[in-house]
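Here the structure comes first, spelled out in structure tokens, and everything after it is commentary.
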Amino acid sequence: MDARNPAKVVKDAVESAAEKVTDALTPDVPGKPGSAPPTVAEPTTPQDPLPPKPEQGSPQTRTPTGARTGAPASANGQQGAYLTTAQGARLRDTDHSLKAGPRGPTLLQDHHLREKITHFDHERIPERVVHARGAGAHGVFTAYGAAEAVTRAGFLRKGRTTEVFVRFSTVLGSRGSADTVRDTRGFATKFYTDEGTFDLVGNNMPVFFIQDAIKFPDIIHAGKPHPDREIPQAQSAHDTFWDFVSLHTEAQHHTMWNMSDRGIPRSYRTMEGFGVHTFRLVNEAGETVLAKFHWKPKLGVHSLVWEEAQMLAGIDPDFHRRDLYDAIEAGAFPEWELGLQVFPDTPEETFAGIDLLDPTKIVPEELAPVQLVGSLTLNRTPTNFFAETEQVAFHVGHLPPGIDVTNDPLLQGRLFSYVDTQLTRLGGPNFAQIPINRPHAAVNDMLRDGFHQHAVHAGVAPYRPNSLDGGNPFPAGDAENAFLDVPVRVAEAPKIRANPVSFDDHFSQARLFWLSMSPVEREHIIRAYTFELGKCFHQEIKERQLQCLATIDPVLCARVATGLGLPTPEPTVPLADVTPSAVLSQVGRQWPADGRTVGIVVDPEVDLDTVRDVRRAVFAADMVPLLIAPHGGLIGDLPAQRSFATGRSVELDALLVATAPAPAPDALPARDARAGAAPATRPVDPRVLLMVEECWRHAKAVGAWGSGVAVLEQVGVAGTPGVVTGDSGEEVFTGVHRLMADHRVWERFPATVG
């Protein structure tokens, strides 16, 4: 360590870096907060609002009734260089209330104070009951034309492009909860088609907890924090959740998905999406088929490891939304392909013995392959999170011609619930007129008035038939591509509160999922069940859930029971004879590493030419390099995005060690607890050693060259699977890049279950 004052060493380094204005500080790496660099002094020359950042987008400037305005998207933003009231009157001061003298009482006549405080007091709207924690982005959908034979929906015609807005979310947590909790994720897509808005409101799991919407309040009440203490937040590891799902065994299939790695996705970009329900499609000839929607990420399906997810919840609770927005800013646009599983529309509404109206069941892709019909690219972040992501309103009943619903009892209840929710959240029935929700098709709905009515309706006759408005609006027919409620025959039956017998199988597909997992994924499922049940207070609930696991698989049950210190129950019914589905496993295939983050450990003594070469190679591979250095600012002429104090392994997908950095001046246990992670006698900064050890423990690829190899040797990981060393940085990066195609180095930790 430098003999000078450690604080002064850091200060000098930062000041020196700040003085160097070079091309190295251009935004090669995403995360810049504003569209222009700030000045040290407060600006005093009036200027118009700055433009949005290049990656930002806003809703099209449409009228409340769907007409193009021709105005730029910025027309919806603030205007002019001067501060005004909401009515446009320019203001001289917004820092001082109007008082009776400098020390006197504030006057009630202060209209600016009242307007400013009143608006602030009412800034918040009710958060969503579920899916409150979310992030959204704009994009475009392009159709391949492969769906034209089965649906007349215009947005699926070959070459047709449609603007979209997608919102990802967690289910259980509040708006302020963490992104990386174990939970189901929402994957909701709003297609602004020229035939009306289509909302595909799905999840990252193809099945749901319940079969009938009347039980939706029950499962959410069970999963939410306990009502007396309002804990735990955004978790299912508590008594009420496991009490419900162990008694209500139709939830066991979804619970198995949730306990798998699917419950902790690596990012929204590496997450599948599913429409969950079966829909009915109708083509130009009036022929119908049944179908399920799938979103397939082009980067593959990848997840976090459990410790990584827990660490991120504290270190960066915004990890998933930051990853999404940084990827778009960097030009690594997230992409998915939309696919359809298509089934004959038979009176039984079943396929291969599977009831297509049961939302707790999948149809394995080996039985009904997913046919890809279009691609989705997210290429713009919101300009304003509240106006767009928070106010976007989805509804499964927003359907274009060519797509219709089925009698799935969960879907039927959602058709009521979504509109009902928006009435409270968005202040009335005119939520479709909020810019993010405005259709891109002409609207003439005869709906009038109500809270927040933005349209200025003409005419005097909002009813049909009329003659005073010339008969307008007129009904449309097939020639005008009107929406068709498919005239499906409803079987004669008594009114009854019951499910069909086919809904009674609650365990076979949970077993199918378990048997489809690789050994390492089974280890993770065992750990998840053990952790979650271990957090329950009552032994009876643990024992009841173990009985459910015994019905799914004896090995799973026995391993979880051992972890809980409880006896292993015997199955009460014969185990289902099922055929595993290889598609359900996330392990065993290779995928592009585009958009991943590679950390590079450097210090002032590093060979900068080699680091430049490696950095260029990482960019060329469509990934983002983060230089991690003893301090912020510049290392030579290269920008350090993280310091040893601010960097953590969990934000990286791989780590390269280019040097063996000595302990930095702030490597003091009294200042940074991680500085005590290794004996002070070791010559390398202990936070770097910890970063290497964590990356290795989380099955990530690690590489080193030159003096960096000594760091791997100190940690004790040199020569282990997934650890690459070599003579040059580019050679090492090539090996690490190759390993990243598998996402993780799972062979580093051999599984104990088959």
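The values are calculated or read from the model by the stated rules, or taken from the named source; none is laboratory data. Fair warning: this is a prediction, and the values are worked out from it, not measured in the lab. All Cβ positions, even for glycine, are placed from backbone atoms using ideal geometry, and neighbour counts span all protein chains on display. These accessible areas exclude ligands, DNA and RNA; they are computed on the full protein's heavy atoms, side chains included. Shrake-Rupley method; radii C 1.70, N 1.55, O 1.52, S 1.80 Å.
List of remarks:
- Cα-based Rg of the range 499-589 normalised by 2.2 N^0.38 Å, two decimals: 1.13
- Gap separating the Cα centres of the range 631-662 and the range 354-389, nearest whole Å: 37 Å
- For K298, the lysines whose Cα falls under 28 Å of its own Cα, not counting residues fewer than eight places away in the same chain, are K32, K53, K158, K190, K361, K700.
- In this simple spin-label approximation, R229 and K32 carry label points 7 Å from Cα along the Cα→Cβ vector, and these lie 4.8 nm apart.
- Charges were assigned to the Cβ only: +1 to each Lys and Arg, -1 to each Asp and Glu. The resulting dipole of the chain about its Cα centre is roughly 1260 debye.
- Taking 0.36 nm per residue of separation and subtracting the current Cα-Cα distance, fully stretching the chain between E540 and T346 would add 65.4 nm.
- Charge dipole of the range 483-522 (Cα centre as origin; +1 on each Lys and Arg Cβ, -1 on each Asp and Glu Cβ, all else neutral): 80 debye, rounded to the nearest 20.
- Amide H within-cut-off set for V276, under 5 Å, with H built and near neighbours excluded: N203, F293
- The phi torsions of the range 639-649, fed into the Karplus equation with coefficients 6.51, -1.76 and 1.60 and a -60° offset, translate into couplings of x, 8, 7, 9, 9, 4, 6, 9, x, 9, 4 Hz, rounded to whole numbers, with Gly and Pro shown as x.
- Relative contact order [Cα under 8 Å, 6+ residues apart], the range 641-754, whole percent: 26 percent
- Cα gyration tensor, the range 247-301 - rounded (a/c under 1.5), prolate or oblate: oblate
- Residues whose amide H comes within less than 5 Å of that of E337, counting only those at least five positions distant or on another chain, are K296, K298, L376 (H built at 1.01 Å from N in the peptide plane).
- 3J(HN,Hα) from dihedral phi, the range 45-60, Karplus parametrisation 6.51/-1.76/1.60, rounded to Hz, x for glycine, proline: 8, x, 8, 5, x, 5, x, x, 5, x, 8, 8, x, 10, x, 4
- Accessible-area composition of the chain, carbon plus sulfur, in percent [1.4 Å probe]: 56 percent
- 10 Å binning of all Cα-Cα separations within the range 149-200, expressed as whole percents from 0 upward: 22, 37, 22, 18, 2
- Cut-off 15 Å, label 7 Å out along Cα→Cβ of I220, residues of the range 159-177 by amide N: 169-175
- C-alpha center-to-center spacing [the range 280-299, the range 433-488] in angstrom: 27 Å
- Stokes-Einstein translational diffusion, the range 35-86 - Kirkwood Rh over all Cα pairs, 1.002 mPa s, 20 °C, in µm²/s: 158 µm²/s
- Our summary gives the range 157-253 a relative contact order of 25 percent, counting only alpha carbon pairs under 8 angstrom and 6 or more residues apart.
- The mean sequence separation of alpha-carbon pairs under 8 Å and at least six residues apart, normalised by the residue count of the chain, gives a relative contact order of 13 percent.
- For the range 452-460, the Karplus equation 6.51 cos²θ - 1.76 cosθ + 1.60, evaluated at θ = phi - 60°, returns couplings of 6, 7, 9, 6, 10, 6, 9, x, 10 Hz by residue, with Gly and Pro reported as x.
- Equivalent-ellipsoid semi-axes of the range 206-311, from the Cα gyration tensor, Å, largest first: 30, 22, 10
- Residue (of V140, L107, V129) at the positive-pole extreme of the range 98-154, dipole from beta-carbon charges: L107
- Sorted from longest to shortest, the spans of the Cα atoms of the chain along the three principal axes equal 91, 81, 55 Å.
- For the pair the range 147-207 / the range 25-99, the C-alpha centres are spaced 29 Å from each other.
- About its Cα centre, the range 494-644 has a charge dipole of approximately 540 debye under the convention of +1 per Lys or Arg Cβ and -1 per Asp or Glu Cβ, with nothing else charged.
- Zone residues, the range 94-117, relative to L83, backbone N less than 11 Å from point 7 Å out along Cα-to-Cβ: 94-97, 113
- For the range 237-321, the solvent-accessible area with a 1.4 angstrom probe is 22 square angstrom per residue.
- Taking a ≥ b ≥ c as the square roots of the eigenvalues of the Cα gyration tensor, an a/c ratio of 1.5 or more together with a/b larger than b/c marks the range 373-472 as prolate.
- Projecting the Cα atoms of S518, Q539, T551 onto the dipole axis of the range 509-578, where Lys and Arg carry +1 and Asp and Glu carry -1 at the beta carbon, places Q539 farthest toward the positive end.
- The range 696-739: projected area of the alpha-carbon convex hull, averaged over directions, in nm²: 2.7 nm²
- Across the range 537-672, the volume of the C-alpha convex hull divided among the residues equals 189 Å³ per residue.
- Residues whose placed amide H lies under 5 Å from that of G633, excluding near-sequence neighbours: A640
- Think of a 1.4 Å ball rolled over the protein heavy atoms: the range 45-187 then has 56 Å² of accessible area per residue.
- The range 472-540: trypsin sites (Lys or Arg not before Pro) in DSSP loop, at most 12 other beta carbons within 10 Å: R489, K495, R497
- Qualifying chymotrypsin sites (Phe, Trp or Tyr not before Pro) in the range 489-549, where qualification requires a DSSP coil assignment and no more than 14 other C-beta atoms within 10 Å, comprise F537.
- Between the listed residues V614, A741, V650, the Cα displaced farthest toward the positive end of the dipole of the range 600-754, a dipole computed from Cβ unit charges relative to the Cα centre, is found at V650.
- Tensor-based shape of the range 105-229 (alpha-carbon gyration tensor, a/c under 1.5 rounded, otherwise prolate or oblate): oblate
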